[in-house]
1. What is the Cα radius of gyration of the range 90-144 over 2.2 N^0.38 Å, N being its residue count?
2. Order these peptides, 194-201, 171-178, 108-115, by their mean beta-carbon neighbour count within 10 angstrom, highest first.
3. Return the Cα extents of the range 148-208 along principal axes one, two and three, sorted largest first, each rounded to a whole Å.
4. At THR92 and THR112, where each label point lies 7 Å from the Cα along Cα→Cβ, what is the point-to-point distance in nanometres?
5. When the Kirkwood radius is taken over all Cα pairs of the range 70-208, what Stokes-Einstein diffusion coefficient follows at 20 °C and 1.002 mPa s, in µm²/s?
6. So for the range 61-208, averaging the separation of alpha carbon pairs under 8 Å that are six or more residues apart and normalising by length, what relative contact order in percent results?
Amino acid sequence: MSSNQDKKINQETKKHSKESSIEKDEKSSIEDNEDESAINLDKNDEGHTVEISLQEQLDEANDRVLRMAAEMENLRKRSFREKEDAIKYSTTKFSRDIITVADDLERALESTKDADLQQDQNTKNLIEGIEITMKSLKQILNRNGIERFDPLGEKFDPTQHEAMFEIPDKEKENGIIVHLVEPGYRISDRILRPARVGVSKSNTQKNS
């Protein structure tokens, strides 16, 4: 009887041990699967991070290339403008000197307005020579982009005119150019010499 009970106990013990072993194996398998899943997730996250980092580096490189290209284009345009300006305004100093010759010729012609050309052939020939010289000089100035301007009757502009004196005038508002001392000259879009002028000064008082 005792022997049968021992066998039964042994069988139950073995069965219990076997079940415990199975549970341990199942638990270990679950843990292994969880660990493997975690590793895979870590690998996926790491791969995603690397992909983002590479994309950011690529975007940054593209941005640098675009900025460099824009800077090179701006430099090219600036160099082209500077070259054009250097050619266009290279004669500025010489032009300032040559317009004084034009001033002298104009004054010479102005001083002969009252001369009796019918009675003095020599004076007539001299004036004709001055006129031909003046005409040739104007053509040379025009070919070099130098333009004469006469602002008589215009509103005074300090960027283009130089006021030499004021002239009282009841008929005109203040700052109207009423007398030309010397004409102005510009080269292309720059003022070579401002026109020297006299401007009006109104004596009328505004009612307050």
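Every number in this text was worked out from the coordinates using simple rules, so none of it is lab data. All values derive from a computational prediction rather than experimental measurement. Every residue, glycine among them, receives a Cβ derived from its backbone with ideal geometry; neighbour counts consider all protein chains shown.
1. Rg over 2.2 N^0.38 Å, computed on Cα atoms: 1.34.
2. Averaged packing, sorted descending, gives the order 194-201, 171-178, 108-115.
3. That works out to 44, 21, 15 Å along the principal axes.
4. My value for the distance between the label points is 3.5 nm.
5. 118
6. Computed over the range 61-208, the figure is 20 percent.
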